[in-house]
Amino acid sequence: LPIYAIDPSRIGAFGFSAGGFTVLAAVCAQPDPETATCIEPMTDLDHINALTAQFFAAFDNRSGAPALDVLHAVCLSEVIVSKCVGDTPEVMSLDAFIAPRRRWLADGTLTGFAERETHAETQIQGRIAQRWSRYAKSGCLNGTALHATGTKAIQFIKTSGGWRISAVAWDDDV
């Protein structure tokens, strides 16, 4: 087979969606990248979809410890979290929301747990956005099978560091 001389300064790579992210990561890993071009940048909705997916995935303990610490990255530190199940809403800070869930997901109270978005409608107006999400969750709570659905209202704001969750309210279906 013939051997061809390859000029490393003339090699390029491109990708779309996850492939684009992989190419970006590869370019950024180089000590002195020559150039990079974004063919199809992520839209505001793409960013909001990714934040929402990270939010829902943070509670999953089916394959080990949940990734609750990611909530500090996807939410503003001043986020307002409201549990609207029952007659009296419970409004809490992010840390007050995380603390009992960290315990339940780690101590065997809530096992095999996962929550996923089943439907969403998002409206974006400038630097603010609102998302209505239908969700389903399942697992085992105190040894009893848990299957529930409900609605989340998630508000986002676009900061200098990108989109962040500013408020979350939810209500489980009865």
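The values are calculated or read from the model by the stated rules, or taken from the named source; none is laboratory data. Keep in mind the model is a prediction, meaning the values are calculated, not measured. Virtual Cβ from ideal backbone geometry, glycine too; neighbours counted across all protein chains shown. Calculation scope for accessible area: heavy atoms of the full protein, side chains included, ligands and nucleic acids excluded. Shrake-Rupley method; radii C 1.70, N 1.55, O 1.52, S 1.80 Å.
So what's the gap between the Cα centers of region 109-131 and region 73-90, to the nearest angstrom?
Centre-to-centre distance over Cα atoms comes out at 13 Å.
Once fully extended, how much extra length lies between Thr144 and Thr118, figured as 0.36 nm per residue of separation less the alpha-carbon to alpha-carbon distance?
Values: separation 26, 0.36 × 26 = 9.36 nm, distance 2.31 nm.
Length gained between Thr144 and Thr118: 7.1 nm.
Could you compute the FRET efficiency for Leu45 and Ile3, with r as their C-beta to C-beta distance and R0 at 45 Å, rounded to 0.05?
On the way: r = 48 Å, r/R0 = 1.06.
E(calc), rounded to 0.05, equals 0.40.
How big is the accessible area of Arg134 in square angstrom, nearest 10, if you roll a 1.4 angstrom probe over the protein chains?
Approximately 80 Å² of Arg134 is accessible to the 1.4 Å probe.
Whole number in Å², please: accessible area per residue of region 55-115, 1.4 Å probe, ligands, DNA and RNA not counted. Present the calculation step by step, with values, prior to reporting the outcome.
Numbers: 3210 Å² over 61 residues.
That works out to 53 Å² per residue.
Once fully extended, how much extra length lies between Ser63 and Ser93, figured as 0.36 nm per residue of separation less the alpha-carbon to alpha-carbon distance? Kindly include the intermediate steps, with their values, before the conclusion.
Working: separation 30, 0.36 × 30 = 10.80 nm, distance 2.72 nm.
Between Ser63 and Ser93, full extension yields 8.1 nm more.
Along the Cα→Cβ direction, 7 angstrom out, place labels at Val174 and Gln125. What is the inter-label distance in nm?
3.1
Taking one equal scatterer on every alpha-carbon of region 31-174, how large is log10 of I(q)/I(0) by Debye at q = 0.14, 0.16 1/Å?
Taken in order of the listed q values, log10 I(q)/I(0) reads -0.70, -0.89.
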